[in-house]
Ligand SMILES: Nc1ncnc2c1ncn2[C@@H]1O[C@H](COP(=O)(O)OP(=O)(O)OP(=O)(O)O)[C@@H](O)[C@H]1O
Ligand SMILES: [Mg+2]
């Protein structure tokens, strides 16, 4: 892999990329937050690859995937015989990441008692294996991530506030894809190049119609979902289809309320009701498109500056994002 691209041209991503480059050079703890699929791991690897620890180990651990009883052993290691089943000594993630970087994914899923121990390790820069007596110095840079709302996790008591402050010397919040629609096309093109070569597909660019459908969709699964859609298209496109990714290569969920179109077709005896329902749904789709065009036109006149575009329309920034989404 030739370095991880962190693609995006939205203001949010451009400034995140700048901050990431600055903090990469420092040794500070970074906490990356964002909904599922927004690119937290991509950003973590981007930072790692540009840090002075780049040639050294990167150990990634998903704290949500660990069995409750094994978290401490996974993080700090254990000595032989430390507990039933500990047949051999085991070096934990900290030791494996020695002199390098430890990526603690879904850090809010660590049980609170272990969080207290983790905080102590970070402060004292030494670990003690479970069942061990000897303390080993560790020199590890921490990048943590959470797909949960960390402030809420603190309020609910699932994330210790003291650990949060220790981890979040710099906090980078990745916006959802629906809040930065101008990133959809560049990321799609990047992923199209990646999957086309993998799937031996000729697709090389998005048709205008396909691009419109991509931009109109709210992407609840963010870039991970976008990547699935692109991968699917490269798998489905036939050799005779040419090089353009067309609407027909996109899954039904992207074809704006397809249920409405089918529901409005006269099928069973009662003709009136389904047709009316279809009309209402189509109207809402038309409204959504209108709102998006309105917002996009403002964005164009404001030369891509969203704050200025929102001002132009006299709506809040959030209101503007809603318009862009067609809601
Ligand atoms: N800025 C980006 N440019 C290119 N590809 C990206 C970008 N962000 C994410 N991706 C791709 O999207 C997918 C999801 O990214 P990633 O695994 O980093 O998300 P995540 O936030 O860690 O998600 P989760 O919370 O579900 O673990 C990956 O396949 C990644 O390659
Ligand atoms: Mg992840």
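The values are calculated or read from the model by the stated rules, or taken from the named source; none is laboratory data. Keep in mind it's a predicted model, so treat the numbers as computed, not measured. Virtual Cβ from ideal backbone geometry, glycine too; neighbours counted across all protein chains shown.
Please determine whether any residue of region 44-52 is surrounded by fewer than 14 Cβ atoms within 10 Å (Cβ to Cβ) and away from ligand 2 (no atom under 16 Å from the Cβ). The answer is yes; a qualifying residue exists. Kindly check whether there is at least one residue in region 113-132 that is out of contact with any strand residue (DSSP E or B) (no Cβ under 9 Å at 6 or more places or on another chain), within 28 Å of residue 5 (Cα to Cα) and modelled with pLDDT of 95 or more. No, region 113-132 contains no residue that is out of contact with any strand residue (DSSP E or B) (no Cβ under 9 Å at 6 or more places or on another chain), within 28 Å of residue 5 (Cα to Cα) and modelled with pLDDT of 95 or more. For residue 201, the criteria (1) in a loop (DSSP other than H, G, I, E, B); (2) away from ligand 1 (no atom under 14 Å from the Cβ); (3) exposed (fewer than 15 other Cβ atoms within 10 Å of the Cβ) hold in every case but one, which is (3).
Filtered by the rule that a residue be in contact (Cβ under 8 Å) with a residue 60 or more places away in the chain and away from ligand 1 (no atom under 11 Å from the Cβ), region 157-174 gives 164, 166, 167, 168, 169, 170, 171, 172, 173.
Applying the criterion of being in contact with a helix residue (DSSP H, G or I) (Cβ under 6 Å, 6 or more places away or on another chain) and either within 7 Å of ligand 1 (Cβ to nearest atom) or in a helix (DSSP H, G or I) (or both) to the residues of region 14-34, the residue that is farthest from residue 151 (Cα to Cα) is 24.
The residue list 85, 100 contains one member that is farther than 28 Å from residue 180 by Cβ and buried (at least 16 other Cβ atoms within 10 Å of the Cβ), which is 100. Residues that are free of Cβ contacts under 8 Å to residues at least 24 places away in the same chain and surrounded by 13 or more Cβ atoms within 10 Å (Cβ to Cβ) within region 304-316 comprise 308, 309, 310, 311, 312, 313, 315, listed in sequence order.
Mind telling me which of the residues 32, 13 ends up being within 20 Å of residue 179 (Cβ to Cβ), away from ligand 2 (no atom under 14 Å from the Cβ) and surrounded by 18 or more Cβ atoms within 10 Å (Cβ to Cβ)?
13
A single entry from 154, 142 fulfils the requirement of being in a helix (DSSP H, G or I), away from ligand 1 (no atom under 15 Å from the Cβ) and under 26 Å from residue 43 (Cα atoms): 154. Tell me, yes or no, whether region 75-92 has at least one residue that is farther than 21 Å from residue 150 by Cα and within 16 Å of ligand 2 (Cβ to nearest atom). No, region 75-92 contains no residue that is farther than 21 Å from residue 150 by Cα and within 16 Å of ligand 2 (Cβ to nearest atom).
Could you check, for region 211-226, whether at least one of its residues is in contact with a strand residue (DSSP E or B) (Cβ under 6 Å, 6 or more places away or on another chain) and under 16 Å from residue 247 (Cα atoms)? So that I can check it myself, show each step before the final result.
First, pick out the residues of region 211-226 that are in contact with a strand residue (DSSP E or B) (Cβ under 6 Å, 6 or more places away or on another chain): none.
Within region 211-226 (the criterion being in contact with a strand residue (DSSP E or B) (Cβ under 6 Å, 6 or more places away or on another chain) and under 16 Å from residue 247 (Cα atoms)), the answer is no, since none of the residues qualifies.
Of the residues making up region 157-193, those that are part of a loop (DSSP other than H, G, I, E, B), buried (at least 18 other Cβ atoms within 10 Å of the Cβ) and more than 13 Å from the chain's Cα centre (by Cα) are 159, 160, 168.
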